[in-house]
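J.: If you scroll down you'll find the structure; I have some questions about it.
The values are calculated or read from the model by the stated rules, or taken from the named source; none is laboratory data. The structure displayed is predicted, hence computed values, not measured ones. Note: ideal-geometry Cβ built from the backbone for every residue, glycine included; neighbour counts use all protein chains shown.
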């Protein structure tokens, strides 16, 4: 049966030395036929992954960060907290800009809800890594959070 073309379903098969190998056109190696079929399997796999992500995304909520008393924060953080309530003036140009919450460590809110403020770090000439992030109205925020590790973790400030 060497060299005889057989038809099996919608695909064309070529019999070589008694072993069947798929081919879409005469002379194509079997690996090219596999590439023709792979996109369908890949599409199914991608759909399954996205469906799984959608199902887990619905149940996923960001837990409230642990609390910390305002009086136990560094004095620099307490000073910035007081400035937020007054509306400024703030020492850094970036103070008051929108905080995107891309890490989803804070409760989910619409973009523009959170604003960040720099907490000075003694002995550091740059802005350092300490921040206050407040949500809600700029002068009367609903909640404020303190980060001493540049947004890797947050603690909700209890007044």
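J.: When you go through 82, 77 one by one, which is the residue that is assigned to a helix (DSSP H, G or I) and surrounded by 14 or more Cβ atoms within 10 Å (Cβ to Cβ)?
T.: Testing whether each residue is assigned to a helix (DSSP H, G or I) and surrounded by 14 or more Cβ atoms within 10 Å (Cβ to Cβ) leaves just 77.
J.: Could I ask something else about it? Tally the residues that are surrounded by 15 or more Cβ atoms within 10 Å (Cβ to Cβ) and on the phi > 0 side of the Ramachandran plot, restricting the search to region 127-159.
T.: Qualifying residue count for the region: 2.
J.: Out of all the residues in region 95-102, is one or more modelled with pLDDT of 95 or more, in contact with a helix residue (DSSP H, G or I) (Cβ under 7 Å, 6 or more places away or on another chain) and surrounded by 11 or more Cβ atoms within 10 Å (Cβ to Cβ)?
T.: no
J.: For residues that are without any contact (Cβ under 8 Å) to a residue 40 or more places away in the chain, in a loop (DSSP other than H, G, I, E, B) and under 23 Å from the mean Cα position of the chain (by Cα), scanning just region 103-124, find the one that is surrounded by the fewest Cβ atoms within 10 Å (Cβ to Cβ).
T.: Within region 103-124, the match that is surrounded by the fewest Cβ atoms within 10 Å (Cβ to Cβ) is 110.
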